[in-house]
C-alpha cells in the first residue's frame, strides 16, 4: 500500500458549547470538546466506564453551523484527522492534540434541540405539550395489506 492515512471517526457528546473565534471578515475557527465513553466488565465482574475527551477544531462555514446548532450535551459524529500542535510557553514546550473535523453530523434529533431551547427560554411555562396523546397507526388485519408477496 502506497501512502499513509490519518483518519478519525468519533461519536460522542459535546462537553461544552462551541467557542467561535473570528480572525478576519471571512474566516473563523470553532473549538469544542467531545466525550466518548467505553464500558466493559473487568475480570473481577466490576463494570468499568472510561471516558476520553477529544478537542475538535472546525473551520469557516462548518464552524458557523456548529456554533448555530450545537449545544452542550448534543451527540455528534465527527470525521476528521489528528493534528498535534507545538508551542513555547515561557520557555516551556507545550503540545496539544486536536481533531481537525472535515465533516460533522448532528445526531441529536432536532425535536430534542427545540424542546431544550423552549424549556430554557420558557422555564415558567407549563408543560402542556407533554399531555398530547400518542397516536398509533391503525391495526391491519391479515389479508388487508397491499404487499405483492
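Using the Cα gyration tensor of the stretch 42-99, with a ≥ b ≥ c the square roots of its eigenvalues, what is the shape: rounded (a/c below 1.5), prolate (a/b larger than b/c) or oblate (neither)? It is oblate, given that a/c is not under 1.5 and a/b is not larger than b/c. Net length available on complete extension from residue 41 to residue 98 is 17.6 nm, with 0.36 nm assigned per residue and the Cα-Cα distance removed.
Between the stretch 1-33 and the stretch 81-99, the alpha-carbon centres lie 15 Å apart. In this structure, residue 4 and residue 110 have a Cβ-Cβ separation that, at R0 = 41 Å, corresponds to a calculated FRET efficiency of about 0.60.
Report note on the peptides 90-96, 28-34, 57-63: ranked by the mean count of other C-beta atoms within 10 Å, highest first, their order is 28-34, 57-63, 90-96. Rounded, prolate or oblate: which fits the stretch 8-123, taking a ≥ b ≥ c as square roots of the Cα gyration tensor eigenvalues, rounded meaning a/c under 1.5, else prolate when a/b beats b/c? Verdict is oblate for the stretch 8-123.
Read-outs throughout are calculated quantities, based only on the coordinates presented, and are distinct from any laboratory measurement. None of these values were measured; they are calculated from a predicted model. All Cβ positions, glycine included, derive from the backbone under ideal geometry; neighbour counts span all protein chains shown.
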